[in-house]
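K.L.:
Here it is: the structure, laid out below.
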Amino acid sequence: MPIRAEKFWTQYRTGKPDVDYVEIRIPGDKHTTAVHRVRDIMPPEDIDANSESHQYLMERWQIIGPAYEAWKAGETVPESGTPLAAWAGVSPEQAGVLRSLGIRTVEEVADMNDSMIGQVKFPNARKIPEMARAYLKGKDVALRDAENAALKERLAAMEEVMNEMIAEKRKPGRPKKVEAA
């Protein structure tokens with residue numbers, strides 16, 4: 001079950017750099033939250049990109065990062081979905097127009113009906129829902145491909161460990177029968 005960024009805030013410190021915090025909640029769990037410094041959950045640059053810890057940090061940041069960017073830009077953070085600020089399909093001005101209509105996420109753009117599209121006053125407004133659906137479909141495919149690659153990597157590592165265990169299992173005793181050449 002994916003995590004959710006509940007809220008963000010900044011601690012202002014005299015003579016020291018300000019610190020941004022995020023409160024994280026696991027959906028379905030009403031009572032448990034965790035507070036983290038945002039800088040501590042950002043994936044570092046100097047970590048091995050193939051390590052499990054880096055993959056975990058990247059997966060978590062893909063959820064928290066867009067919400068953090070929206071909060072830093074002064075926008076409301078949606079309960080679920082991809083914030084408009086995280087989507088390159090609209091400019092910041094166009095995102096402002098959509099937010100004025102109550103549309104805050106890419107998923108809500110994809111679900112726009114004709115009457116809502118008619119209220120949007122910028123060029124190619126009719127193509128925006130189609131672009132949002134294509135973005136979400138591509139995002140799902142990319143996520144599935146990343147999961148498959150991670151599973152294949154884990155399977156290969158497990159096979160390697162099994163082969164090592166099988167090789168070590170051979171006990172001293174009667175030697176293996178060798179065919180005469």
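The values are calculated or read from the model by the stated rules, or taken from the named source; none is laboratory data. The model shown is predicted, which means the values in this text are computed figures rather than measured ones. So basically every Cβ, Gly included, is an ideal-geometry build from the backbone, and we count neighbours across all protein chains shown.
K.L.:
Just give me the residues in the stretch 57-109 being part of a helix (DSSP H, G or I), within 19 Å of the chain's Cα centre (by Cα) and assigned by TED's automatic domain parsing to the domain that holds Asn124, in sequence order. Step through it out loud before you land on a result.
P.N.:
Pass one, the stretch 57-109, residues part of a helix (DSSP H, G or I): 57-72, 84-86, 92-100, 106-109.
If we keep only those that are within 19 Å of the chain's Cα centre (by Cα) as well, we get 57-72, 84-86, 106-108.
Scanning the stretch 57-109 gives Leu84, Ala85, Ala86, Val106, Glu107, Glu108.
K.L.:
Could I ask something else about it? Checking Glu93 against (1) over 26 Å from Arg39 (Cβ atoms); (2) buried (at least 17 other Cβ atoms within 10 Å of the Cβ), only one condition comes out false. Which one?
P.N.:
Failed condition: (2).
K.L.:
Which condition from (1) outside any helix (DSSP H, G or I); (2) of a type in the set (A, V, I, L, M, F, W, C); (3) at pLDDT 80 or above; (4) not assigned by TED's automatic domain parsing to the domain that holds Ala146 is the one that Ala5 breaks?
P.N.:
Here Ala5 meets the rest and fails (3).
K.L.:
I'm told Ala67 meets every condition in (1) in contact with a Leu (Cβ under 8 Å, 6 or more places away or on another chain); (2) closer than 15 Å to Asp20 by Cα except one. Can you identify the failing condition by its number?
P.N.:
(1)
K.L.:
For the stretch 29-86, give me each residue that is among the charged types (D, E, K, R), modelled with pLDDT under 80 and touching a helix residue (DSSP H, G or I) at 6+ places or on another chain (Cβ under 7 Å). Before the answer, list the steps.
P.N.:
We begin by selecting, within the stretch 29-86, every residue among the charged types (D, E, K, R); these are 29-30, 37, 39-40, 45-46, 48, 52, 59-60, 69, 72, 75, 79.
Pick out the ones that are also modelled with pLDDT under 80 and you get 29-30, 45-46, 48, 75, 79.
Asp48, Glu75, listed by residue number.
K.L.:
Hey, does the stretch 125-133 have a residue that's of a type in the set (Gly, Ala, Ser) and closer than 20 Å to Glu75 by Cα?
P.N.:
Step one: of the stretch 125-133, the residues of a type in the set (Gly, Ala, Ser) are 125, 132.
Next cut, closer than 20 Å to Glu75 by Cα only: 132.
Yes - at least one qualifying residue is present in the stretch 125-133.
K.L.:
Just one of Pro123, Pro129 is surrounded by fewer than 18 Cβ atoms within 10 Å (Cβ to Cβ), free of Cβ contacts under 8 Å to residues at least 40 places away in the same chain and over 25 Å from Arg39 (Cβ atoms); which is it?
P.N.:
Values: Pro129 fails: surrounded by fewer than 18 Cβ atoms within 10 Å (Cβ to Cβ).
Of the residues listed, the single one that is surrounded by fewer than 18 Cβ atoms within 10 Å (Cβ to Cβ), free of Cβ contacts under 8 Å to residues at least 40 places away in the same chain and over 25 Å from Arg39 (Cβ atoms) is Pro123.
K.L.:
Go through the stretch 33-50 and report how many residues are under 12 Å from Tyr21 (Cα atoms) and charged (D, E, K, R). Give the derivation first.
P.N.:
Within the stretch 33-50, the first condition is being under 12 Å from Tyr21 (Cα atoms), and the residues that meet it are 34-42.
Within this subset, residues satisfying the condition of being charged (D, E, K, R) are 37, 39-40.
Of the residues in that region, 3 qualify.
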